[in-house]
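The structure appears below as structure tokens.
The values are calculated or read from the model by the stated rules, or taken from the named source; none is laboratory data. This is a predicted model, so every value here is computed, not measured. Please note: Cβ atoms are built from the backbone with ideal geometry, for glycine as well, and neighbour counts cover all protein chains shown.
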Amino acid sequence: MMDIHSHIIYGIDDGAKTMEDAVAMINMAYDDGIRSMIATPHYHENFKYDTGQMETRFQIIVDKFKKDKPDMKFYLGNEAYLDEYTLEALLNGKCKTLGGSRYVLVELSYNAPLKMIKNILFDIMIKGYVPIIAHCERLIKTKDDFRRVVELKEMGCFMQINASILLNGTKKRWLRRWLINRLKDHTISFISSDAHDINYRRPLLMDTYTKVYKKVGKDIANNVFIYNPQKIVTGGTII
């Protein structure tokens with residue numbers, strides 16, 4: 001499996017705090033069957049960190065696991081908080097696309113007007129970038145919000161959900177049912193961990209893969225956990 005949304009670079013955002021934390025997260029992911037990860041630290045115009053430091057720490061992680069787990073692959077990206085500065089940050093390289101591809105992981109505010117969101121995304125898309133909406137389930141607080149995800153998909157964005165949303169007890173059962181149906185019709189293309197640590201927001205996908213396999217079948221499960229993520233960095237048509 002490939003995880004396209006994780007916060008494994010230490011000391012950069014609210015994810016891993018130390019190198020030891022990063023190693024523990026990656027080992028947990030590996031033991032869960034993950035063999036590729038895109039590191040996606042938060043990017044926000046007002047969130048100050050050194051891009052060079054981010055790249056250096058990413059390379060330290062890569063170098064360590066070349067020795068320890070040579071079959072584990074890593075790619076660098078960002079989770080960009082969408083605002084009027086996002087496009088400029090992409091164009092000047094401050095904000096990273098996923099693995100150097102044309103795909104960019106974008107976080108949206110629930111409170112932002114949909115029209116404004118679509119206008120900014122349109123400007124990003126006409127420059128050749130393809131938005132992937134991070135944890136799109138967070139855009140849905142009531143059934144009236146379903147249209148937000150549908151409209152963004154219709155304009156050409158791809159949708160990513162967090163693996164944990166399909167496992168959480170009895171809360172939001174109505175939302176999980178809707179998300180399962182959106183897997184069936186390919187509205188949702190990616191399921192990722194959004195991992196921040198090893199205790200609460202963990203880098204785990206296998207339990208959700210198993211559930212998706214049972215609910216919608218092997219082909220869709222493999223697409224959202226394996227093939228679509230791989231196509232971000234190798235090319236090909238994402239379903």
Exercise for the section: Look at Asn92 and say whether it is of a type in the set (S, T, N, Q) and surrounded by fewer than 22 Cβ atoms within 10 Å (Cβ to Cβ). Expected result: yes
Exercise for the section: Note down all Cβ pairs under 9 Å where the first residue falls in segment 50-75 and is at pLDDT 95 or above, the second is loosely packed, with under 12 Cβ neighbours inside 10 Å and part of a loop (DSSP other than H, G, I, E, B), and they're at least six residues apart or on different chains. Expected result: Thr56/Asp50
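So how many residues does segment 15-32 have that are in a loop (DSSP other than H, G, I, E, B) and more than 17 Å from the chain's Cα centre (by Cα)?
Start the filter on segment 15-32 by keeping residues that are in a loop (DSSP other than H, G, I, E, B), which leaves 15-18, 32.
Subsequent filtering for residues that are more than 17 Å from the chain's Cα centre (by Cα) retains 17-18, 32.
Qualifying residue count, segment 15-32: 3.
Looking at segment 166-185, which of its residues are in a helix (DSSP H, G or I) and under 17 Å from Asn223 (Cα atoms)?
Taking segment 166-185 and keeping what is in a helix (DSSP H, G or I), we get 166, 173-184.
Correct list: Leu166, Leu179, Ile180, Asn181, Arg182, Leu183, Lys184.
Would you point out which residue out of Ile8, Ile4 is part of a strand (DSSP E or B), of a type in the set (A, V, I, L, M) and within 23 Å of Thr208 (Cβ to Cβ)?
Numbers: Ile8 fails: part of a strand (DSSP E or B).
One residue alone meets the criteria, Ile4.
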Completion exercise
Going through segment 162-210 in order, the residues found to be within 16 Å of Ala16 (Cβ to Cβ), surrounded by fewer than 22 Cβ atoms within 10 Å (Cβ to Cβ) and in contact with a Gly (Cβ under 8 Å, 6 or more places away or on another chain) are His196, Asp197
Exercise for the section: For Leu121, state whether it is at pLDDT 95 or above and assigned to a helix (DSSP H, G or I). Expected result: yes
